[in-house]
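Every read-out reported here was derived from the displayed coordinates using simple, explicitly stated rules and does not represent laboratory data. Note that the structure is a prediction, hence the values are computed from the model and not measured. Backbone-built Cβ (ideal geometry, glycine too); neighbour counts: all protein chains shown.
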Amino acid sequence: MPQPLASSAPVVPVVRLSQAGFAYGDNAVLRGVDLTVHRGQVVAIMGSSGSGKTTLLRLIGGQLRANAGKVEVAGQDLGGLSRAALYALRRRMGMLFQFGALFTDMSVFDNVAFPLREHTDLPAALIHDLVLMKLQAVGLRGAAGLKPGELSGGMARRVALARAVALDPLLVLYDEPFAGLDPISLGITAQLIRRLNDALGAASVMVTHDVHVSLDLVDYVYFVSGGGIVAHGTPTEIRASNDPYVHQFVHAEADGPVPFHYPAPPLASLLSLPEGDVP
Ligand SMILES: Nc1ncnc2c1ncn2[C@@H]1O[C@H](COP(=O)(O)OP(=O)(O)OP(=O)(O)O)[C@@H](O)[C@H]1O
Ligand SMILES: [Mg+2]
């Protein structure tokens, strides 16, 4: 029987969420989320604090299971996978989590070697060479023998990047990879995320608050608010957007669709001074 031409085969996205939802108990955090990430793409997820970005990343990473809709990675529906199959798929994902730390009692070398030793049967000599290549890629081969306590924050982040890509993942998930970095380290980390993604031929999903760095770096952006995707587009589309939410984010306005004030009764009703005296 003739085989279909490779070029006519449908392209399977690395990540596809279809109407995905998630609740922590009664707290419905995400509803009706549609999101697609293709091989080669770096995609940013932005949104205000508490909007559900980390939750969304954990759904993609298979640490949480959607309670509505579907989450597919490399064409596999995470909701239908056995624990073993999910574990096998998660080995093909690299993760750099919010507040994710290095093992402080291990050297830089051993930190990067950890996933290789844990998840493969590769001989020690090969692991040695792979670790040095990953450290070379992030510019820290010379720091292999140091302990995390001897690194700057920016260096530690780069070691965490090398560890996240140690197994040559098909998908890398980053939760606030730029948090706490000075502008130079931030720029280096951003370029590394792009370079590692392109060198691996992988896909990357990055939660970040840094609008301008990510608009220079990524292929596509999703904005999360009120439990759903409120806007999405290429950086060019996002920069040109008239959507008030996107505008508030891109122009760093303190008040807008995302209010400055946490919901509260009017201030005057709570003060003990007579109303006329409230400045
Ligand atoms: N383990 C948990 N159990 C219960 N509720 C949780 C849990 N983790 C998060 N939440 C709630 O889910 C909502 C979304 O949290 P999430 O951490 O996904 O937000 P986020 O967008 O990543 O915020 P930030 O920008 O501050 O990191 C919040 O209301 C939070 O209180
Ligand atoms: Mg978060």
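Numbers at a glance
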quantity: Proximal lysines to Lys147, defined as alpha-carbon separation beneath 27 angstrom and excluding residues fewer than eight positions away on the same chain; calculated: Lys134
quantity: Rounded to 5, percent antiparallel among DSSP beta bridges of the chain; calculated: 50
quantity: Within the chain, helix-based [θ] at 222 nm, where runs of 4 or more DSSP H residues each add -39,500 (n - 2.57), nearest 500; calculated: -10000 deg cm²/dmol
quantity: Relative contact order (%) - criterion: Cα under 8 Å, at least six apart; region: the chain; calculated: 22
quantity: Ranked list, fewest to most other Cβ atoms within 10 Å of each Cβ, for Tyr87, Tyr245; calculated: Tyr87, Tyr245
quantity: Residue with peak Gaussian network fluctuation, the chain [Cα springs, cutoff 10 Å], from Pro115, Pro183, Pro148; calculated: Pro183
quantity: Cα centroid separation - segment 147-216 against segment 20-51, whole Å; calculated: 20
quantity: Within straight-line cross-link reach of Lys70, lysines at Cα separation under 30 Å, skipping those fewer than 8 residues along the same chain; calculated: Lys53
quantity: Residue order, fewest to most beta carbons within 10 Å, for Ser48, Ser214; calculated: Ser48, Ser214
quantity: Vicinal HN-Hα couplings computed from phi for segment 37-51 (Karplus, 6.51 cos²θ - 1.76 cosθ + 1.60; Hz; Gly/Pro x); calculated: 10, 9, 3, x, 8, 10, 10, 9, 10, 10, x, 6, 4, x, 7
quantity: For Val172, distant residues with modelled amide H under 5 Å away; calculated: Gly94, Ala203, Ser204, Val205
